[in-house]
Amino acid sequence: MKKTSLDVTIYLVVFSAIQIIVSFGAALSSIFALKADDPKVLMALSATASIITLLIFLWRKWTPVGKTYIQSKPWATLAWSAVAAIGVVIPSMWLQEQMPALPDTAGEMLTKIISTPGGYFVIALLAPVVEEVVFRGAILRVLLSSMQSKWGAICISAALFALIHFNPAQTPHAFLMGLLMGWLYMRTGSIVPGVVFHWANNTVAYLIAVAYPGDETKLVDIFGGNETAVIMSVVFSICIFLPALFQLNIWTKKRGR
């Protein structure tokens, strides 16, 4: 267990250090006559940190890579992973709105990245791959191999995933998503379903942010102030999410997990 704790600590330190070191690039942006809060600068820094992280984790083989899972043609699992992600977004937003308001330390930065050409690539494509490589492919993998309680391992990895965002406003949703993606990894032994789930989740969040810009957008704003429509959307989304989860349970069992 000591080795597992050391490995997890190393993964987290490397992941965090890259984010911090690359973020210092903003301080050097003035050399090139750029503003530190310029959306293009923020997007470039975020993409750079993600790519460096991905390269290091793959180079060090902290996250094993292979073709076995894709060669098994798990198309149903991947499709239902995307459906489940779409179905859980609105209920998660509603649940978070019922909780006390938390500081949103990254909302402005994310809004700027989203407003920039290439923002979708960074937020919905690159980030899901990198975060699944780190938090499921590396961290959860070693936790599952050393802990008797599989759900204990999933909860720890989900908590670390939520906290490492360094944004209290994202913590509840990130923890919930971490549980779901951790479950997918435990069932399949692959990060691919989690990447698909993560991509679908971030894509929906991206589209909502584009359609309704602003840090304080709530479901009631999206539905024109109609509280009844909000509740109906939550119920409808749950009716999407639960069958998708049921199907995932079936299809992952068929794979012998």
Estimated Rh, the chain: Kirkwood, alpha-carbon pairs, angstrom: 19.2
Local electrostatic count at Ala153 - Lys and Arg +1, Asp and Glu -1, tallied over other residues with Cβ under 14 Å: +3
Computed [θ] at 222 nm, helices only, for the chain once each DSSP H run of length n ≥ 4 contributes -39500 (n - 2.57): -22000 deg cm²/dmol
Over 32 Å between alpha carbons, listed pairs Lys61/Lys253; Lys40/Lys150; Lys3/Lys218; Lys67/Lys112: Lys40/Lys150; Lys3/Lys218; Lys67/Lys112
Proximal charge balance of Thr63 [Cβ under 14 Å; K/R count +1, D/E count -1]: +1
Accessible area of the chain belonging to carbon and sulfur atoms, whole % at 1.4 Å probe: 70
With 10 Å bins from 0: P(r) over the range 29-118, alpha-carbon pairs, percent: 12, 21, 33, 27, 7, 0
Given charges at beta-carbon only (K, R positive; D, E negative), |dipole| of the chain in Debye: 1520
Mean separation of Cα contacts under 8 Å (6+ apart) over length of the range 133-257, as relative contact order %: 19
Accessible area, probe 1.4 Å, largest first, for residues Trp151, Trp199: Trp151, Trp199
Accessible area (Å², 1.4 Å probe, nearest 10) - Leu95: 90
Rough spin-label spacing in nm, given labels placed 7 Å along Cα→Cβ, for Val210 and Met147: 3.7
Residue order for Phe223, Phe24 - accessible surface, 1.4 angstrom probe, largest first: Phe24, Phe223
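The values are calculated or read from the model by the stated rules, or taken from the named source; none is laboratory data. Predicted model only: the values in this text are computed from it and were never measured. Using ideal geometry, Cβ is built from the backbone for each residue, glycine included, and neighbour counts are taken over all protein chains shown. Accessible surface is based on the protein model in full, side chains and every heavy atom, while ligands, DNA and RNA are left aside. Shrake-Rupley method; radii C 1.70, N 1.55, O 1.52, S 1.80 Å.
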